[in-house]
2 protein chains.
Amino acid sequence: MPQSDKPEGDRPGIWIKETGSFFAGGRRVTLTGQPIQQVQVSQNAPTRTVDMNGENITGQCYVQYLRQEAPGFDTPLMFWHGGSMTGATWETTPDGRPGWQNFFLQAGFDTFVCDAVERGRAGWSPFPQIYTDAPVFRTLNDVWAMFRFGPPEGYSPDAAARRPFPGVRFPLGSLDGFGSQFVPRWTTHAEMTLAAYYDALRRTGPVWLIAHSQGGHLALDAAATHPEFFKGVVIIEPASVPRGTGRAARVPHLLIWGDNLNEHALWRSYRAKADQYADQLRSEGGEVEILDLPAEGITGNTHALMMDDNAEQIAARILDWIKKTG
Amino acid sequence: MPQSDKPEGDRPGIWIKETGSFFAGGRRVTLTGQPIQQVQVSQNAPTRTVDMNGENITGQCYVQYLRQEAPGFDTPLMFWHGGSMTGATWETTPDGRPGWQNFFLQAGFDTFVCDAVERGRAGWSPFPQIYTDAPVFRTLNDVWAMFRFGPPEGYSPDAAARRPFPGVRFPLGSLDGFGSQFVPRWTTHAEMTLAAYYDALRRTGPVWLIAHSQGGHLALDAAATHPEFFKGVVIIEPASVPRGTGRAARVPHLLIWGDNLNEHALWRSYRAKADQYADQLRSEGGEVEILDLPAEGITGNTHALMMDDNAEQIAARILDWIKKTG
């Protein structure tokens, strides 16, 4: 479909061949010894037997795709979200602007948006029966501090009383909408999640990967152990780094950092470790670019920089890097 | 975009203006008195404080949309999934065929695919701290019986030893893939879910609604209490019916039933109640059509008829009904 046939407008449309999804990874597990309950499953209906003994599928991830009629790139783009989040990260921003998935579709990529094991549409399994421990939940208070919207003491239930960092680019008027995106997470499932993601990648073939926070750490791990899956990895503020670089030097890396890292002890340490990791990769001949936004004079970006008011400009930088690297 | 400009092929492409999502409904709730934990949130990282005291958002649903450049219908289509399921219901079938969302996009509708409160990307809240009770989980054994793939005793962990009903149209070779789609559910959240769906409908404006099973029951409730939201409702095998018809006679209803209802006592009773409800609606002047597939000689359809081997033919019947009704 030639560009000239597209409707006029600032945002050209996206010519889709198919939208759909698949689940990858997972295994069967049999539950026994559970009490058989009589439950009113539907309102205005008699109780029915609910018997949780039997076979479950556990450990799968969810992958949603949009395939274009005439993609502009041979290699598709995959997205991995961060901790306590889902693929919704890459969709519309909390204040209603088109998200990165939309941007990269318009740029010509087929997209695969993943929900990690036990997040979002991937579903989760009973604990302590199948998962051994309990999940953790994120509060708005924690999100405020960890996403570097402001100092921890700057959070208030009263929106008018909040004290963010100066010039923060996140749409703080939509903080409740952002809070709606958070889901429970387990903290012990990194291996299970990577196993499911590898199964997904065996189906999709090699991808450009954009990964955020916990997903960024998983992506660094994946590049180190399975470089064949990646044309390149874009890592948004990784929460940690792998123990070793493995074969990661074969994969081009772009790391992206927002502002106010020095205002938060954890972020200071995450950044320092990631810089060490990047240095190690480079010493092994790896191609590593670090997009340090404040160092370029772009201030106010948060840990949710794909939702900040300059999100599209950052996406454009990623696109440039992909074009240059590919 | 005139039809003649579309690429050739059996499956014409879909010209998308934007893909995205929003969350609707929900409220803030403050959690107190929770123990403060030190948790290793990321691998290879030091433990960090996890404090679940503070504000949470609870009660929201998730709505994913695909808006077309040139929709063929003024009124968009919304999908509500069934119990223990998510919007993935409407995407690719477990054996990899395009799902109903794709069908209705190609037919020209803007689509809104919902995840109910506490399902999928909508996220869920801690129990017993915010939700008062525990969720229930679905086994493959339960799915086998309740989706009428075969008699309960026909299920076996060994696929080769399973004894389905004769001529069942569900792709039973992909039963594990179907099992991957199931998520935990609470059984006491119908009102909370409807409140969130109504908030979503206030944003979208009136829709054609396609709803499955538990979602079908919710849809009957919604049509009875909020008819202004619906041009028409398509109800796939509702698990129950409302106590009263309310103002539902203002909304055209299409009810769809698969095969082997008489082989399962619960389904026999669900069908009988739904027929009574339909009779009541008709006696009030309501426009109700019942698509009883076996009565038309179409046998073998299951409770997951949007995934059965004739799913596209059933979708085409729905499309005909919408065109006729609209």
Cross-chain or 6+ apart pairs with Cβ under 9 Å, region B:136-162 first and β-branched (Val, Ile, Thr), then buried (at least 19 other Cβ atoms within 10 Å of the Cβ) and in a helix (DSSP H, G or I): B:139/B:179; B:143/B:175; B:143/B:178; B:143/B:179
Filter result (at the interface with another protein chain (Cβ under 10 Å from one of its Cβ atoms) and either in contact with a Pro (Cβ under 7 Å, 6 or more places away or on another chain) or surrounded by fewer than 24 Cβ atoms within 10 Å (Cβ to Cβ) (or both)) within region B:106-115: B:106, B:111
When you scan region B:254-261, do you find a residue that is part of a strand (DSSP E or B) and within 17 Å of residue B:147 (Cβ to Cβ), even just one? yes
For region A:261-273, which residues satisfy the criterion of being touching a residue at least 24 places away in the same chain (Cβ under 8 Å) and of a type in the set (A, V, I, L, M, F, W, C)? A:261, A:266, A:267
Residue B:202 - would you say it is charged (D, E, K, R), facing chain A (nearest Cβ under 10 Å) and either touching a strand residue (DSSP E or B) at 6+ places or on another chain (Cβ under 9 Å) or closer than 21 Å to residue B:91 by Cβ (or both)? no
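Restricting attention to region B:231-245, does a residue exist that is in contact with a Lys or Arg (Cβ under 9 Å, 6 or more places away or on another chain) and either farther than 30 Å from residue B:170 by Cα or aromatic (Phe, Trp, Tyr) (or both)?
Quick first cut of region B:231-245, residues in contact with a Lys or Arg (Cβ under 9 Å, 6 or more places away or on another chain) only: B:237-238, B:240-241.
This time we only want the ones that are either farther than 30 Å from residue B:170 by Cα or aromatic (Phe, Trp, Tyr) (or both), so: none.
No, every residue in region B:231-245 fails to be in contact with a Lys or Arg (Cβ under 9 Å, 6 or more places away or on another chain) and either farther than 30 Å from residue B:170 by Cα or aromatic (Phe, Trp, Tyr) (or both).
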For region A:103-110, indicate whether the set of residues that are free of Cβ contacts under 8 Å to residues at least 60 places away in the same chain, of a type outside the set (Ser, Thr, Tyr) and not in a loop (DSSP other than H, G, I, E, B) is non-empty. no
Somewhere in region B:116-133, is a residue under 30 Å from residue B:68 (Cβ atoms), crowded, with 18+ Cβ neighbours inside 10 Å and more than 11 Å from every other protein chain (Cβ to nearest Cβ)? yes
In region B:82-131, anything at pLDDT below 95 and in contact with an Asp or Glu (Cβ under 8 Å, 6 or more places away or on another chain) is listed as B:127
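Within region A:28-48, how many residues are out of contact with any helix residue (DSSP H, G or I) (no Cβ under 9 Å at 6 or more places or on another chain) and closer than 25 Å to residue B:156 by Cβ? Even if it seems obvious, please write down each step before you answer.
Looking only at region A:28-48, we keep the residues that are out of contact with any helix residue (DSSP H, G or I) (no Cβ under 9 Å at 6 or more places or on another chain), and these are A:29-40, A:47.
Adding the requirement that they be closer than 25 Å to residue B:156 by Cβ leaves A:29-37.
Total meeting the criteria: 9.
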May I ask you to say which residue of B:290, B:298, B:322, B:314 is surrounded by fewer than 19 Cβ atoms within 10 Å (Cβ to Cβ) and farther than 17 Å from residue B:214 by Cα? B:290
Flag for residue A:319 being of a type outside the set (D, E, K, R) and closer than 22 Å to residue A:245 by Cβ: no
Could you list, in sequence order, all residues of region B:104-120 that are within 14 Å of the chain's Cα centre (by Cα) and not hydroxyl-bearing (Ser, Thr, Tyr)? B:112, B:113, B:114, B:115, B:116, B:117, B:118, B:119, B:120
Can we say residue A:252 is at negative phi, out of contact with any Cys (no Cβ under 8 Å at 6 or more places or on another chain) and within 14 Å of chain B (Cβ to nearest Cβ)? no
Out of all the residues in region B:238-260, is one or more farther than 29 Å from residue A:124 by Cβ, of a type in the set (S, T, N, Q) and free of Cβ contacts under 8 Å to residues at least 24 places away in the same chain? no
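The values are calculated or read from the model by the stated rules, or taken from the named source; none is laboratory data. Predicted model only: the values in this text are computed from it and were never measured. Don't worry about glycine lacking a Cβ; one is built from the backbone with ideal geometry, like all the others, and counts go over all protein chains shown.
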